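What follows is a single structure, written as structure tokens, with notes after it.
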Amino acid sequence: MGFFDGLLGGRAADFDSGNASSNAIELTRRHQTVSLTKQEAATGHLRVNLSWRMRTSDLDGVQRTSLFRHPFRALKPPEVLGHGQSMVNVDLDLGCLYELTDGTKGVVQPLGGYLGDVNAPPYIKLSGDDRFGSASGETMYVNLDHRDALKRLLVFVYIYDQTPAFDRTHAVVTLYPSNGPRIEIGLDERHPQARSCAVVMIENVKGELIVRREVKFVYGFQGELDRLYGWGLQWGRGFKTKVDR
């Protein structure tokens, strides 16, 4: 038993939680899973949101050059800046590999227009494609009222084009269950050349819906994620139309 375990009476938490005001569960390397079923959140629509912003470290040089003119700026807390095409030329997309209990497999993603359906198989719906990272980000809905039809869902994020920039953008995938606190998974590991990241697995384990943090970066696209998790789909190079972009 570790020193901190002794201070806590040997009791270990099942997850890292944020402060009381944030009402959030943060999945980390140490605490990777949470049960939606045990939280009575395995029904209704599960909302999955991708948002990102520019890392403030990328602006340190700009801030340093202005301290001579504005010496009191150093006393101010770091400013969290929104991101846009002029700051980070990157297009992050949210997607989901799915496997149903009847053996059906597929993908929901902006590329190719595979936006899914929330009221019919695969019971997953992506609400459009956010090209430049608006405040609302990209959102996907999973109909957990059909949870018995879901075997496993792998939520992933990929960079469609432009320069890989996972190391410059602070991306967060947040799950909003129908009940209980939201669940946050930060993509805070530095992999400058990665183009895709498997973020979180939602799996039906003997009738219990388990959410497990993955955060595995790969240097290819969806096909490489497929091989990593053994989905077995056939992939081809896809492109977005100018209207979509």
Amide H contacts of residue 167 (H built 1.01 Å from N, under 5 Å, at least 5 apart or other chain): 191
Rounded to the nearest 10 Å², the accessible area of residue 33 using a 1.4 Å probe with every protein chain kept is 60
If 105, 38 are ordered by their accessible area, calculated over protein heavy atoms with a 1.4 Å probe, which sequence runs from highest to lowest? 38, 105
Phi to ³J(HN,Hα) by Karplus 6.51 cos²θ - 1.76 cosθ + 1.60 over segment 30-41, Hz, x for Gly, Pro: 6, 10, 9, 10, 8, 9, 5, 5, 5, 8, 6, 10
Quick one: how many Å² of residue 168 are accessible to a 1.4 Å probe, rounded to 10? 90
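The values are calculated or read from the model by the stated rules, or taken from the named source; none is laboratory data. If you're wondering where the values come from, they're calculated on a predicted model, not measured in any experiment. The accessibility values were calculated without ligands, DNA or RNA, using every heavy atom of the protein model including side chains. Shrake-Rupley method; radii C 1.70, N 1.55, O 1.52, S 1.80 Å.
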